[in-house]
Amino acid sequence: MKPPRSSTVRLPRGTEPFSYGRIAEIYDTSLRLFGFKRGVEQFLERVEWRVPTRPRALDAGAGTGLNGLWFLRRFPGSEVVAFDIDRQMLAVLARHARRLGNLRHRLIVAHGDLRAPNVLTQTDTGQAIVLAETSFDVVMVGAALEHVPLDVSLERLARLLRPGGLFLNVGMRPGPPSAMLGRLYRFRPYTTGEIHRLLERLGFVDVHVLRLMPTDFPANLTRIAVTGRKA
Ligand SMILES: C[S@@+](CC[C@H](N)C(=O)[O-])C[C@H]1O[C@@H](n2cnc3c(N)ncnc32)[C@H](O)[C@@H]1O
């Protein structure tokens with residue numbers, strides 16, 4: 001019997017995942033240029049983190065590091081693991097990290113997949129990292145869960161969080177702007193209700209929807225957050 005000609009599975013046009021790497025520099029520059037980064041950071045300042053003095057945080061689907069790098073600066077005693085599926089996005093993140101001075105030693109940049117977030121590959125050493133369950137004080141995601149099946153990824157991320165730890169999703173706010181971005185970047189915005197219900201089903205308490213404020217413009221147009229504490 002002849003072997004199959006190719007083992008590559010071809011997805012129908014338009015259904016392949018969007019490759020952020022192609023636009024990594026533009027993505028990152030536009031976050032800064034249009035005040036989006038400032039808006040998200042202002043919002044992050046208002047979050048009730050309630051973390052220990054040396055918190056361990058995971059930035060899942062970190063992109064160019066918007067959330068993870070802010071966290072590291074805000075909590076200089078922290079250790080942050082930032083991972084993404086796209087190596088070019090991570091290369092931009094690593095470049096920003098070089099400007100962190102000594103804090104950069106507290107950052108681990110890794111390649112990984114939100115659908116199996118416990119096994120990562122450190123980008124600079126190529127070493128495999130297995131994340132232990134309940135080993136993080138904070139797990140945060142910025143507009144990345146929209147690219148994966150919510151229930152599987154959230155459940156696996158939740159396992160990494162210690163009891164009492166904070167989960168934060170700064171996700172896409174459903175509405176015309178994110179519907180347009182969803183077509184461009186091929187994602188589906190989840191409603192805050194879907195995330196809220198799933199967190200409660202996973203045993204989270206103090207689940208809250210946090211809206212960004214008009215002063216966080218333009219981030220308030222496309223992002224909305226949900227937080228919860230692991231019981
Ligand atoms: C809209 S960007 C957000 C990046 C960053 N968190 C932020 O807030 O600016 C979405 C990110 O999710 C990443 N991503 C998409 N699918 C992923 C997956 N299965 N596992 C990990 N990261 C993924 C993309 O590579 C991209 O960097």
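The values are calculated or read from the model by the stated rules, or taken from the named source; none is laboratory data. Keep in mind that this is a model prediction, so the values were computed, not measured. Every residue, glycine among them, receives a Cβ derived from its backbone with ideal geometry; neighbour counts consider all protein chains shown. Just the protein is used for accessible areas: all its heavy atoms, side chains included, with ligands, DNA and RNA removed. Shrake-Rupley method; radii C 1.70, N 1.55, O 1.52, S 1.80 Å.
Would you check which residues across the range 64-92 are within 9 Å of the ligand (Cβ to nearest atom) and in contact with a Phe, Trp or Tyr (Cβ under 7 Å, 6 or more places away or on another chain) and list them? Across the range 64-92, the qualifying residues are THR64, ASP86, MET89. If only residues of the range 81-132 that are in contact (Cβ under 8 Å) with a residue 40 or more places away in the chain and of a type in the set (S, T, N, Q) are counted, the one that is surrounded by the fewest Cβ atoms within 10 Å (Cβ to Cβ) is ASN118. Residue count for the range 21-33 under the criterion of being open to solvent by 40 Å² or more (accessible area, probe 1.4 Å) and closer than 14 Å to ALA62 by Cα: the result is 1. Of the residues making up the range 155-186, those that are among the aliphatic types (A, V, I, L, M), touching a strand residue (DSSP E or B) at 6+ places or on another chain (Cβ under 8 Å) and either within 15 Å of the ligand (Cβ to nearest atom) or farther than 15 Å from ALA82 by Cα (or both) are LEU157, ALA158, LEU160, LEU166, LEU168, VAL170, MET172, LEU181.
The test for being touching a residue at least 12 places away in the same chain (Cβ under 8 Å), of a type outside the set (Lys, Arg) and within 10 Å of the ligand (Cβ to nearest atom) does not hold for PRO189.
Kindly provide the set of residues from the range 164-200 that are over 15 Å from the mean Cα position of the chain (by Cα), surrounded by 15 or more Cβ atoms within 10 Å (Cβ to Cβ) and part of a strand (DSSP E or B), ordered by number. Selection gives GLY165 alone.
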